[in-house]
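What follows is one structure encoded as structure tokens, with my remarks underneath.
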Amino acid sequence: MNCIAIDDEPLALKLLERYCNQATNIQLLGTFADPLEGILNIRKMQPDLIFLDIRMPDISGIDIVQSIKQKTFVIFTTAHKEYAVEGFELDVVDYLLKPFSFDRFLKACTKAEQRMLSTSPNYKTVARQQTEDVTISFKYNYQNIRLSIQSILYIEAFDNYIKIATTDKIYMPIMTMKNIQKLLPAEFIRIHKSFIVSTDKIKSFNYEHVIISEKKKIPIGRSYRKEFQSKMNVLKEK
């Protein structure tokens with residue numbers, strides 16, 4: 001999901017930026033301390049989701065929600081719980097009371113993703129068609145490689161290299177996990193500091209590991225378990 005954050009408190013925006021960078025299913029397009037600038041960028045960027053403070057100078061978050069014409073999901077982020085009822089009357093996805101934890105942030109994001117899926121009946125078909133056409137490019141053995149993401153089983157970190165395991169070949173370009181993850185669609189999720197997997201290729205999983213095609217067992221890192229479970233729960237409902 002593409003998102004933006006609007007909040008007049010710089011520290012709150014920094015926290016949201018950090019949380020968005022940790023969450024693999026969220027792409028932060030921008031943060032805005034000026035609510036009027038935020039409104040302009042809602043129209044310009046057309047985000048799927050907005051993290052929105054309520055009490056701000058000049059214009060409130062509630063006023064902003066009422067002014068949005070395109071279909072955009074909203075998560076309120078505020079230190080003022082007295083606005084909760086009014087917020088939910090506007091059909092916002094969730095209401096995060098500051099200060100909120102990363103786990104609580106992930107729950108709100110999962111709600112937004114579920115809402116997006118439920119309002120898009122053809123989402124699964126369209127997403128699969130789009131995924132089939134997606135390729136990534138990188139340099140390997142002095143050659144420019146263009147690789148279909150449909151062929152990727154998993155990605156593993158090796159010092160300054162990464163190992164891209166496909167259905168018929170192994171590539172080891174000089175890249176970081178962070179850089180390769182930016183090239184991949186939402187079907188790929190980081191489940192360990194050393195592993196990214198394609199959820200389409202998962203045959204089975206439990207609390208500690210996933211089984212990929214050809215019986216490859218990959219561990220799930222402790223700090224990645226909650227996000228992985230949330231992601232798989234969303235996929236079950238598609």
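As a proxy for reagent exposure, ranking His209, His192 by other Cβ atoms within 10 Å from fewest up yields His209, His192. Considering helices alone, the calculated mean residue ellipticity of the chain at 222 nm is -10500 deg cm²/dmol, with DSSP H runs of length four and up weighted by -39500 (n - 2.57) and normalised per residue.
In whole angstrom, note down how far apart the Cα centers of region 1-75 and region 143-158 are. Here the answer is 33 Å between Cα centres. Within the listed set Ile59, Ile196, Ile75, the residue fluctuating most in the Gaussian network model of the chain (springs between alpha-carbon atoms under 10 angstrom) is Ile59.
Multiplying the residue separation of Ala33 and Ser148 by 0.36 nm and subtracting their alpha-carbon distance yields 37.5 nm. Springs between Cα atoms under 10 Å define the GNM used for the chain, and in it the highest mean-square fluctuation of Ile218, Ile42, Ile145 occurs at Ile145. Computed log10 I(q)/I(0) for region 124-236 at 0.09, 0.10, 0.19 Å⁻¹: -0.22, -0.28, -1.03, from the Debye equation with unit scatterers placed on every C-alpha and solvent omitted.
For region 2-118, a crude dipole built from +1 on the beta carbon of Lys and Arg and -1 on the beta carbon of Asp and Glu, taken about the Cα centre, is about 380 debye to the nearest 20.
A viscosity of 0.692 mPa s and a temperature of 37 °C, combined with the Kirkwood radius over Cα pairs in Stokes-Einstein, give a translational diffusion coefficient for the chain of 170 µm²/s. The phi torsions of region 187-199, fed into the Karplus equation with coefficients 6.51, -1.76 and 1.60 and a -60° offset, translate into couplings of 5, 9, 9, 7, 10, 6, 4, 10, 9, 10, 10, 8, 5 Hz, rounded to whole numbers, with Gly and Pro shown as x.
Simple rule: put +1 on each Lys or Arg Cβ and -1 on each Asp or Glu Cβ in region 124-236, find the dipole, and look at Phe228, Ile170, Gln150; the Cα lying farthest toward the positive end is Phe228.
Across region 2-118, Cα-Cα pairs more than 25 Å apart make up 10 percent of the total. Paramagnetic label reach from Ile136 (point 7 Å along Cα→Cβ; backbone nitrogen cut-off under 20 Å): within region 27-52, residues 27-29. Of all segments of the chain bounded by GluC sites (Glu not before Pro) found in a DSSP loop with no more than 12 other C-beta atoms within 10 Å, the longest spans 1-207.
For a quick check of your reading of the filter: which trypsin sites (Lys or Arg not before Pro) in region 172-229 sit in a DSSP loop and have no more than 13 other Cβ atoms within 10 Å? Here the trypsin sites (Lys or Arg not before Pro) that fit, given the DSSP loop and packing criteria, are Lys193. When only the Cβ of Lys, Arg, Asp and Glu is charged (+1, +1, -1, -1), the dipole of the chain relative to its Cα centre reaches about 1200 debye. For the pair Ser67 and Ile211 in one chain, pulling the backbone fully straight at 0.36 nm per residue adds 47.2 nm over the alpha carbon distance. A Cβ-based charge dipole, computed about the Cα centre of region 171-222 with Lys and Arg at +1 and Asp and Glu at -1, lands at about 160 debye.
Read-outs: derived from the displayed coordinates by stated rules, not from any lab. Values in this document were obtained by computation on a predicted structure and should not be read as measured data. Please note: Cβ atoms are built from the backbone with ideal geometry, for glycine as well, and neighbour counts cover all protein chains shown.
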